[in-house]
Structures are given as structure tokens and as C-alpha cells.
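Single-structure report; data block below.
The values are calculated or read from the model by the stated rules, or taken from the named source; none is laboratory data. Fair warning: this is a prediction, and the values are worked out from it, not measured in the lab. Counting neighbours? That spans all protein chains shown, and the Cβs are built from the backbone with ideal geometry, glycine included.
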Amino acid sequence: MTPPRHIAVIDVGKTNAKLALVDAVSLDEIAVVTRPNHVLPGPPWPHFDLEGHWAFFVAALRDFHATHGVDAISVTTHGASGVLLDAQGALAAPMLDYEHDGPDALASEYNALRPAFADTGSPRLGGGLNLGAQLHWMLHTDPGLNARLAHVLTYPQYWGFRLTGEIASDVTSLGCHTDLWDPFAGKPSALVAALGLTGRLAPPRPASDILGTVQPAVADLTGLSATTPVVCGIHDSNASLYPHVLGRAAPFAVVSTGTWVVVMAVGGRQVSLDPDRDTLVNVSGTGAPVPSARFMGGREFDLIAKGIGDKACAADADAVLARGVMLLPAVEPGSGPFRGRTGGWAVAPASADERMVALGWYLALMTRTCLGLTGAEGPVIVEGPFARNRWFLQMLAALCPGGVEATPSATGTSGGAALLFATGHRARSGQRIDCAMPEDLRRYAARWQAAVLAPA
């Protein structure tokens, strides 16, 4: 196969669905279009708008191909998600929103089934954040589902199925706190059999496998060649990690930012991961276990920023330092290293600009906590929206002796997903962040850490 030049990347995050066209040589994004990833109400439960996304992707593929030419398609999506198909390839049930709290009603029954953290690297999470908990709850909530259910696909491979007709799952998505995967043995966990899903979990494949080519109906709708290859696909945080795994010497850490901030430490010091602090074992695009930690940083940013723009300047940072303006964890207490703790302003900001400075520092301090929990060493590479947040980057640079690099791609995961087609890649260095006032920020960080440790 001739190496593709223009790769269309289907990229579904929790907040937005995107199609990006990536130049395989430069990894630049030639074009990007997005739509909100709205959750539809039941019945039978809150679910994602798969048909709306499909119509959007088809139209965007048609436009991209007409304007630029599309040579190949890759896929990356958020984790904690699967799609259930019947024997004819139709939905056996709507795709459950992982934030729905329905699975909590059967938590005790599910906890008796799920394997230990030591076996899966998957912490027990609330709602549907463990895909196994979703499956357990749906099978009990819908009495006819078990009879209808023929295939459980991880989410990237659902779009691969729509494009090619091939059934698969991928190891990076199965390794995303599903409880369904043993990352150390590289095989499904005992939970698959316990749920009665043996033979129905779609065959696990490496993310870089070629699933096939687009189906004739897709070629007709989009104008694509019927020989257009489609790769298996990858979990979005691992898409951010993938270019660095391919082309960078360990140790290093990647911070993938979006609705979730996911910290992934490659080649760091040995640590005992604490599942109560939302640490986990991810599986990289090469199939290797990766110590990881995460919190809902993008959601926390939206809750505190409330849509205001960042017009803050150095004088606002000085005011935050002088008055001790400080945000404590957790803004979103359902996840992260301070899960279950109710946070808020220890000292409230006097202006919107002070709020933005203190918010950026808070998010960096949360990220630094995650880096410590995973044993991260070496340079820290920040991907996605927070790579454009100067307050976040300055604080992180003050606290990371290995240095911080920012790679502020419009869709931070698309380049990694495009590289599933690439060979011989060398990771490009991001912008090195120089901290203007490291000692002041380290003193602020020490006060924040002391406040977090203080008795409530």
C-alpha cells in the first residue's frame, strides 16, 4: 500500500465530535470541523447521538475529499464506552452515556463480579466509568438485551464497523478502566466470562491494524475510493501518547487535556498505584502497560471559568500571589486524586482576571499531583487545550524539573491517530516553557499542598 498523505481522523471526545484532516508528513491539520457531542434523553437511558454523528462524519468526509482528497481514515474516541450490536449489525441498545448514574444501583452486585485492581489496573469508578459496570447494569435493566446482543465493540471500532463492516475492539480502549482487560497478560479479564460475554466481546486487535477498506455504500456517499483503508483505531488519550512512544526516549510523561486531563508516565520510577486516587494502568498504542492518573480538568475549567475569556496579565498574577487567592480540590468531586472531597475558593478572586490566573494554577497543581502519583520523570509534554493556557504552563514548569513542552494542536489527538498509518516517526519537540517567577510559584504550590493536607 502506498503510504497515505491525507488522513481523515474521526475524533469523538466527551464534549465534541470532530473530523480532522491531517497531513501525514507534517502532522499539520489541514482542516477541522466539529459538532457538539450532545447526550440524548431516554428511553431507555441517556445515550449518545450516533446517527447524528454518522451523518456529520459522512458529510465532512465528502467535503474534505472534494476539497483536499482523503487517502485513509483513522479513528479515536473517548474511553469508558462500548457499542452493543445485534447479529444484523444494528444497535442492540442505545449507547449509554458513561456519566449516567444508573449502574450505581447495582454497585454491590457488580463489585462481587469484578476482578481486583492488581489484575486489571482498573480502579472502581462511579456511574458508568467502568465499561463492565455499564454492561452489567444494561443487561439487568433490559431483560431482552442478552438475547439480542451479538457483539460488544469498543467505541473507536464502532466507527470502523460503520465504515468497513468489520467487527473488532482495540487494546487501548479495552485498557481504559473497563475491568474487561488484563493489561499484564494482554488478554480479556475474567469479567468477560462472568458477564456471560465470552465469544461476544469483539476480537481485540492492535490499534494500528488495518480493519479493511470503506464499504461501497460509504464510497458512494462520500466520493471516496472503495480502496480507502481504515485503521482499527485508538483511545483518545493514547492517541496523544502514541507519537511520543514511537519517537521519544523514556522517561517522559504526556498530559493529554480536554474534558479529561490524563497523565501518562512512560519509563518513570516504580510506584504502587492507588486506585482510590483515580490512578490506573492504560495500554499504549504498542500494547504496553502505562501508569496513568486523571481528573476531569476540562470540566472543572468550564465550571469555574463560566465562559469568560482570559485577559489576565502579570499584574493579576501578582495580585493572586499577594492576596493568596486559591482554589482547592475538587471542583468535580466524582473523579481525580481528591475524589469525594468538596473544594472551592479558599480565598475568592476579586476579579475575573484573578479567577483565570488562579484557575490555571489550580489545574497545574492537580496535574502535578497526578504526575507524582504515577512516578513520572523526565520532560512533561502537554497536549491539547491546556497547552495554550499560560498560567497552567507557568505553574507546571515551576514544579517539573525535567521541563515542560507545549504542543497546542487544535485537536491534540488527531496527529497521534493519524500516525497509526506511519512508520519511522520521530517525535517533534513542543515549545519549551520558561517560567518567569519559579520561586514565587513554588511557594504558592507549597501553600496549596499544605491547605489540601490540612484537616477539613
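Before moving on, here are some points about what is shown:
- Hey, ILE304 touching a residue at least 24 places away in the same chain (Cβ under 8 Å), assigned to a loop (DSSP other than H, G, I, E, B), more than 19 Å from the chain's Cα centre (by Cα) and more than 25 Å from LEU180 (Cα to Cα) or not: no
- The residues on offer are LEU224, LEU211, LEU201, and the sole one that is closer than 24 Å to ALA133 by Cα and more than 20 Å from the chain's Cα centre (by Cα) is LEU201.
- Summed over region 209-249, the residues that are among the polar types (S, T, N, Q) and at pLDDT 95 or above give a count of 6.
- Answer residue from region 1-50, given it is of a type in the set (S, T, N, Q) and more than 21 Å from PHE161 (Cβ to Cβ) and is surrounded by the fewest Cβ atoms within 10 Å (Cβ to Cβ) among those: THR2
- Within region 118-128, considering residues that are crowded, with 23+ Cβ neighbours inside 10 Å and within 28 Å of ASP86 (Cα to Cα), the one farthest from the chain's Cα centre (by Cα): THR120
- Of the residues THR286, THR227, the single one that is outside the structural domain of GLY344 (by TED's automatic domain parsing) and not in a helix (DSSP H, G or I) is THR227.
- The residues of region 1-56 that are outside any strand (DSSP E or B), within 23 Å of SER208 (Cβ to Cβ) and of a type in the set (A, V, I, L, M), listed by number, are MET1, ALA24, VAL25, LEU27.
- Qualifying residue in region 78-89 (condition: at positive phi, surrounded by fewer than 16 Cβ atoms within 10 Å (Cβ to Cβ), among the small types (Gly, Ala, Ser) and in contact with a Phe, Trp or Tyr (Cβ under 8 Å, 6 or more places away or on another chain)): yes
- The one condition from (1) over 13 Å from LEU163 (Cβ atoms); (2) of a type outside the set (S, T, N, Q); (3) touching a Ser or Thr at 6+ places or on another chain (Cβ under 9 Å); (4) in contact (Cβ under 8 Å) with a residue 40 or more places away in the chain that PRO204 does not meet is (4).
- Lone unmet requirement of (1) within 19 Å of ALA293 (Cα to Cα); (2) in contact with a strand residue (DSSP E or B) (Cβ under 6 Å, 6 or more places away or on another chain) for ALA116: (2)
- Residue match in region 57-71 (condition: β-branched (Val, Ile, Thr) and part of a loop (DSSP other than H, G, I, E, B)): yes
- The residue of region 329-373 that is surrounded by the most Cβ atoms within 10 Å (Cβ to Cβ), among those that are modelled with pLDDT of 95 or more and hydroxyl-bearing (Ser, Thr, Tyr), is THR367.
- Some residue of region 219-240 being touching a residue at least 12 places away in the same chain (Cβ under 8 Å), out of contact with any strand residue (DSSP E or B) (no Cβ under 9 Å at 6 or more places or on another chain) and buried (at least 22 other Cβ atoms within 10 Å of the Cβ): yes
- Hits in region 193-220 (condition: aliphatic (A, V, I, L, M) and either within 23 Å of ASN238 (Cα to Cα) or assigned to a loop (DSSP other than H, G, I, E, B) (or both)): LEU195, LEU197, LEU201, ALA202, ALA207, ILE210, LEU211, VAL214
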